[in-house]
Amino acid sequence: MPVARTHAIALVGVEGHAVEIEADIQNGLPGLLLVGLPDTALREARDRIRAAIVNSREQWPQRRITVGLSPASLPKRGSGFDLGIAVAILSAANAVPAASVDGIAFLGELGLDGQLRPVRGVLPAMAAAAASGFRRVAVPQANAAEAALIPGLRVLSARTLSGLLGWLRDEAPSEEADPVQVTEGGAEPAGAPVSSMTPAAHKLDLADVLGQPTARRAAEICAAGGHHLCLLGPPGTGKTMLAERMPTVLPRLDQAAALEVTSIHSVAGVLPDGCPLLTEPPFCAPHHTATKAAIVGGGSGMIHPGAASLAHRGCLFLDEAPEFGRDVLDALRQPLESGEVVVARLGLIARFPARFTLVLAANPCPCAKGSGSQASCECSPAARRRYLARLSGPLLDRVDVKVEFLPVSRRELLSDRKFAEPSAKVADRVAAARQRAADRLRDTPWRLNGEIPGSELRRCFQPASSALVPLERAMDLGQISARGVHRVLRVAWTLTDLAGLPRPTADQTSYALALWLGVSG
């Protein structure tokens, strides 16, 4: 009997790889053998697939069945191969025409009753299928809207295995069977989806942060240039309030960024129901008890993205930052530089995008009263130094803007109301500054000032000599590192874009240097 072939997609991180499924039926002791580096969930598919085929009123071959997944060196994880394996077995048994499954990538989990259940990572899998030359894909109906985001694909969505088999056989749909729906990919879904990890934008406004004009200005600068922010101050001064309002001044994601962000959330299994495409910048605020794997990604078996990747193109907020494990915080040092997380396992390397805006918030000391509070601090100088030393120097060296919050009096709160601007007005300035940066970086792979490598800053975007005088003085005094100089120059370019100037002057570099060294609100 000839070998039947179908295709599926294996995910490694957010990268998909085409997998050929071969089914061979020979005389011998009845059984199903899976080869090709399947994981535990995939080995258990033998019983699921058999029950699904039988309960779909199909004949299970009572012979020896061998199913091979190639390339054999690529690890296959998860239950998304169920549908492709079932169709391959039925095709090998001549229950499904071989020509009807040619050129289709199958992805879906099978229930014991033959229902098709949704799986994770459909969007990156469909993108990989389109890149591999497939023009038709078969997915569970619950994943149809997500799969249809990829242009050039014809999406076949079904609720049951029997319904899909009837379509492959070109049978007239019966009244009992669920018909297969055919959708052309590339259409943007209706509605305005919002990430489940973003605070409710209609309830939050930057104007709520009263008495901290310097901090509001710092948030605008970081949003405009993609810079990292550290907030230091006693409780109740507005650190968390400011961080939660950062997404309200960020522009909506463009189509490419939205697909990238949605792919990460799809792989992680946190894509909101009824929201196939995320168009708002994500906001992720993990608890300080989070592990290193929860922040940067990892896990035994299938590798999942962490909070750093879930915040891609958005904000990663670490409240009470000194309470996080030091190894957890230091694990962010590489993603802050490279914009991606690389998780290495034996025989497997997964890469997750992680181009986020980091916002750290910390109290000045363990008792949280600090020197600026009217209540006296109960901590010794050594205790304060140990507490803040949990934020390592190399990590803070990568933070572009540092702001200290001071307690605010009632008079300051009332007087600042007339100066606090709503998020919509600040967002307009942020969008205009980002557009100026994008125009300047048109012929480069970068779009924000915070993404420009230091070597390119020196080569192509060097300010005038007079603008570098404050930085040269700070380097002579040992106040700033060479990497800090690059950070300051990036912020100076963002200040220039916000001001609508062609090049940074000494005013921009001086202000950027003050933000890097730390200013009080």
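Hey, can you tell me all the residues within segment 259-280 that are touching a strand residue (DSSP E or B) at 6+ places or on another chain (Cβ under 7 Å) and open to solvent by less than 60 Å² (accessible area, probe 1.4 Å)?
Ile264, Val267, Ala268
Against the conditions (1) of a type outside the set (Val, Ile, Thr); (2) part of a helix (DSSP H, G or I); (3) out of contact with any Gly (no Cβ under 7 Å at 6 or more places or on another chain); (4) buried (at least 21 other Cβ atoms within 10 Å of the Cβ), Ser309 satisfies every one except (3). Does Leu123 qualify as being of a type in the set (A, V, I, L, M), closer than 23 Å to Ile349 by Cβ and at pLDDT below 95? Spelling it out, it is not the case that Leu123 is of a type in the set (A, V, I, L, M), closer than 23 Å to Ile349 by Cβ and at pLDDT below 95. Restricting attention to segment 39-66, the residues that are in contact (Cβ under 8 Å) with a residue 40 or more places away in the chain and either touching a Gly at 6+ places or on another chain (Cβ under 9 Å) or not aliphatic (A, V, I, L, M) (or both) add up to 12. Scanning segment 114-152 for residues that are free of Cβ contacts under 8 Å to residues at least 60 places away in the same chain and of a type in the set (D, E, K, R), we see that the one that is least open to solvent (accessible area, probe 1.4 Å) is Arg136.
Report yes if Pro276 is touching a helix residue (DSSP H, G or I) at 6+ places or on another chain (Cβ under 8 Å) and modelled with pLDDT under 95, otherwise no.
Values: touching a helix residue (DSSP H, G or I) at 6+ places or on another chain (Cβ under 8 Å): yes; modelled with pLDDT under 95: yes.
Spelling it out, Pro276 is indeed touching a helix residue (DSSP H, G or I) at 6+ places or on another chain (Cβ under 8 Å) and modelled with pLDDT under 95.
The set of residues in segment 374-393 that are open to solvent by 50 Å² or more (accessible area, probe 1.4 Å), touching a helix residue (DSSP H, G or I) at 6+ places or on another chain (Cβ under 8 Å) and more than 20 Å from Leu242 (Cβ to Cβ) contains only Arg390.
Yes/no per residue for (1) hydroxyl-bearing (Ser, Thr, Tyr); (2) more than 24 Å from Phe405 (Cβ to Cβ); (3) open to solvent by less than 50 Å² (accessible area, probe 1.4 Å); (4) not in a loop (DSSP other than H, G, I, E, B):
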residue: His288; (1), (2), (3), (4): no, no, no, no
residue: Ile295; (1), (2), (3), (4): no, yes, yes, yes
residue: Leu336; (1), (2), (3), (4): no, no, yes, yes
residue: Val359; (1), (2), (3), (4): no, no, yes, yes
residue: Cys367; (1), (2), (3), (4): no, no, yes, no
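If I ask for residues that are within 29 Å of the chain's Cα centre (by Cα) and open to solvent by 20 Å² or more (accessible area, probe 1.4 Å), which ones from segment 462-484 would you list? Across segment 462-484, the qualifying residue is only Arg483. Looking at this structure, is Val399 among the β-branched types (Val, Ile, Thr) and open to solvent by less than 20 Å² (accessible area, probe 1.4 Å)? Yes, satisfied. Among residues of segment 312-324 being in contact with a Lys or Arg (Cβ under 7 Å, 6 or more places away or on another chain) and closer than 17 Å to Leu253 by Cα, the one that is least open to solvent (accessible area, probe 1.4 Å) is His312. Scanning segment 445-461 for residues that are open to solvent by 60 Å² or more (accessible area, probe 1.4 Å) and of a type outside the set (A, V, I, L, M, F, W, C) turns up Pro445, Arg447, Arg458, Arg459.
Tallying residues that are outside any helix (DSSP H, G or I), basic (Lys, Arg) and closer than 19 Å to Leu515 by Cβ within segment 390-430 yields 2. Check whether at least one residue in segment 488-499 is open to solvent by 30 Å² or more (accessible area, probe 1.4 Å), modelled with pLDDT of 95 or more, over 27 Å from Ser338 (Cα atoms) and not hydroxyl-bearing (Ser, Thr, Tyr), and report yes or no. Yes, because at least one residue in segment 488-499 is open to solvent by 30 Å² or more (accessible area, probe 1.4 Å), modelled with pLDDT of 95 or more, over 27 Å from Ser338 (Cα atoms) and not hydroxyl-bearing (Ser, Thr, Tyr).
Of all residues in segment 116-139, those satisfying the criterion of being in a strand (DSSP E or B) and in contact with a helix residue (DSSP H, G or I) (Cβ under 8 Å, 6 or more places away or on another chain) are Leu116, Arg117, Val137, Ala138, Val139.
In this structure, Ala219 does satisfy being in a helix (DSSP H, G or I) and modelled with pLDDT of 95 or more. With the condition kept exactly as written, say whether any residue in segment 38-58 is outside any helix (DSSP H, G or I), among the hydrophobic types (A, V, I, L, M, F, W, C) and touching a strand residue (DSSP E or B) at 6+ places or on another chain (Cβ under 8 Å). The answer is no; no qualifying residue exists. Kindly provide the set of residues from segment 92-113 that are within 23 Å of Gly16 (Cβ to Cβ), in contact with a strand residue (DSSP E or B) (Cβ under 6 Å, 6 or more places away or on another chain), open to solvent by less than 10 Å² (accessible area, probe 1.4 Å) and not in a loop (DSSP other than H, G, I, E, B), ordered by number. Selection gives Val101, Ile104, Ala105, Phe106. Screening Met241 on (1) of a type outside the set (D, E, K, R); (2) part of a helix (DSSP H, G or I); (3) surrounded by fewer than 19 Cβ atoms within 10 Å (Cβ to Cβ); (4) within 19 Å of the chain's Cα centre (by Cα) shows it passes everything except condition (4).
The values are calculated or read from the model by the stated rules, or taken from the named source; none is laboratory data. For clarity, every value in this text was computed on a predicted model and none was experimentally measured. Cβ sites come from the backbone with ideal geometry, for glycine too, and all protein chains shown count toward neighbours. The protein model used for the area step is the full one, side chains on, heavy atoms only, and it has no ligands, DNA or RNA in it. Shrake-Rupley method; radii C 1.70, N 1.55, O 1.52, S 1.80 Å.
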